[in-house]
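Engineer: My structure is below; once you've seen it, I'll send some questions.
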Amino acid sequence: QKEVEQDPGPLSVPEGAIVSLNCTYSNSAFQYFMWYRQYSRKGPELLMYTYSSGNKEDGRFTAQVDKSSKYISLFIRDSQPSDSATYLCATQAPGNTPLVFGKGTRLSVIA
Amino acid sequence: KAGVTQTPRYLIKTRGQQVTLSCSPISGHRSVSWYQQTPGQGLQFLFEYFSETQRNKGNFPGRFSGRQFSNSRSEMNVSTLELGDSALYLCASRSRDGSYEQYFGPGTRLTVT
């Protein structure tokens with residue numbers, strides 16, 4: 001079992017839809033949770049970061065963490081064609097430890 | 001500030017050859033991590049260097065190695081290339097020691113034929 005599981009999709013939605021992206025993790029040592037966005041032919045860029053269980057909002061994006069069930073979610077409201085990208089969840093244990101990524105979900109938002 | 005740069009962007013090699021990839025972190029960043037990205041396995045951690053010392057290492061064979069120079073630039077080397085080494089190799093630098101925030105370069109696309 002991989003430490004971080006993520007449905008690779010692809011996921012295709014119409015413009016304006018609410019998108020839900022999810023990951024599960026197995027290692028209780030993970031304390032930091034991130035979502036990265038990767039456009040084609042680019043490196044990943046940090047989109048959202050959260051530490052505690054609960055929700056964190058940033059514009060149209062909401063990151064949600066449930067540590068009790070080891071579940072991470074990213075919600076995108078009013079999705080736009082420019083949101084079309086691969087979304088990667090990532091986790092990290094405390095200290096100078098490496099990021100552990102999910103495989104990424106490819107999202108297409110159709111105008 | 002300039003972002004993380006990686007050279008070359010694209011590379012085609014033959015099985016059995018070796019390859020060296022280069023990464024220049026954001027100015028002032030002393031930590032450089034390398035990742036391999038493939039469709040099948042996703043992003044996998046190779047190793048991290050901090051102040052010229054390897055600090056963490058992923059589960060890759062010894063054919064994969066790296067180093068970091070005093071100016072924080074880093075190189076990774078893959079010897080005796082195999083077809084399965086075809087991947088996007090990404091480098092990332094941390095803004096400060098222990099930071100969760102890593103800044104990625106555009107990657108080097110390596111194709112092994």
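Engineer: Expected output is a single nm value to one decimal: the length gained when fully extending between B:ILE12 and B:ASN59, i.e. 0.36 nm times separation in residues minus the C-alpha distance. What is it?
Structural biologist: Roughly 14.5 nm would be gained on extension.
Engineer: Moving on to the next point. With no solvent and one equal point scatterer placed on each C-alpha of chain B, evaluate the Debye formula and give log10 I(q)/I(0) for q = 0.13, 0.23, 0.24 Å⁻¹, two decimals.
Structural biologist: Debye intensities relative to I(0), on a log10 scale: -0.43, -1.33, -1.43.
Engineer: Just counting partner chain Cβ atoms within 10 Å, what average do the residues of peptide A:44-53 show around their Cβ? Don't skip to the end; give the middle numbers.
Structural biologist: On the way: counts 10, 3, 6, 0, 0, 2, 0, 1, 0, 0.
Counting other chains' Cβ atoms within 10 Å and averaging over A:44-53 gives 2.
Engineer: Give me a comma-separated list of calculated 3J(HN,Hα) values for the stretch B:67-82, in order, Karplus coefficients 6.51, -1.76, 1.60 applied at θ = phi - 60°, integers in Hz, x for any Gly or Pro.
Structural biologist: 7, 9, 9, 5, 8, 6, 4, 10, 10, 10, 10, 10, 9, 6, 4, 10
Engineer: Which entries of A:LYS67/B:LYS57; A:LYS56/B:LYS57; A:LYS2/B:LYS57; A:LYS103/B:LYS57 have Cα-Cα distances beyond 25 Å here?
Structural biologist: Table pairs above 25 Å Cα-Cα are A:LYS67/B:LYS57; A:LYS56/B:LYS57.
Engineer: Which residue fluctuates most in the GNM of chain A (Cα springs below 10 Å): A:LYS67, A:LYS56, A:LYS42?
Structural biologist: For chain A, modelled as a Gaussian network with Cα springs under 10 Å, the answer is A:LYS42.
Engineer: Oh, and also: State, to one decimal in nm, how far the label point of A:ARG60 lies from the label point of A:SER26, with both points 7 Å from Cα in the Cβ direction.
Structural biologist: Spacing of the two 7 Å Cα→Cβ label points: 3.5 nm.
Engineer: When you look at the Cβ of every residue in A:97-107, what mean number of other chain Cβ atoms sits within 10 Å? Numbers along the way, then the final one.
Structural biologist: Values: counts 6, 14, 8, 5, 7, 2, 8, 4, 0, 0, 0.
Average neighbour count from other chains, rounded to a whole number: 5.
Engineer: Compute and list, largest first, the equivalent-ellipsoid semi-axes of the stretch B:1-56 from the alpha carbon gyration tensor, each √(5λ) rounded to a whole angstrom. The partial results should precede the final answer.
Structural biologist: Values: eigenvalues 98, 45, 32 Å².
Values for the stretch B:1-56, descending: 22, 15, 13 Å.
Engineer: Among A:SER28, A:SER20, A:SER53, whose mean-square fluctuation peaks in a Gaussian network model of chain A (Cα, cutoff 10 Å)?
Structural biologist: Sorting by GNM fluctuation, first place goes to A:SER28.
Engineer: Between B:GLN17, B:GLN102, B:GLN54, where does the largest GNM mean-square fluctuation fall for chain B, given springs only between Cα atoms within less than 10 Å?
Structural biologist: Fluctuation is largest for B:GLN17.
Engineer: Taking just the C-alpha trace of chain A, give me its Rg and Dmax in Å.
Structural biologist: When restricted to Cα atoms, chain A yields Rg and Dmax of 13.4, 43 Å.
Engineer: Another question about this same structure. Taking Rh as the Kirkwood radius computed over C-alpha pairs, what is the Stokes-Einstein D of the protein assembly as shown at 20 °C in a medium of viscosity 1.002 mPa s, expressed in µm² per second?
Structural biologist: It comes out at roughly 119 µm²/s.
Engineer: While we're looking at this one, here's another question. What order do you get for A:6-13, A:90-97, B:86-93 when each peptide is scored by the mean count of other beta carbon atoms within 10 Å, highest first?
Structural biologist: Most protected by this proxy first, the peptides run B:86-93, A:90-97, A:6-13.
Every number in this text was worked out from the coordinates using simple rules, so none of it is lab data. Since the model is a prediction, treat every value here as computed from it, not as a measurement. With ideal geometry, Cβ positions are generated from the backbone for all residues, glycine too; neighbour counts draw on all protein chains shown.
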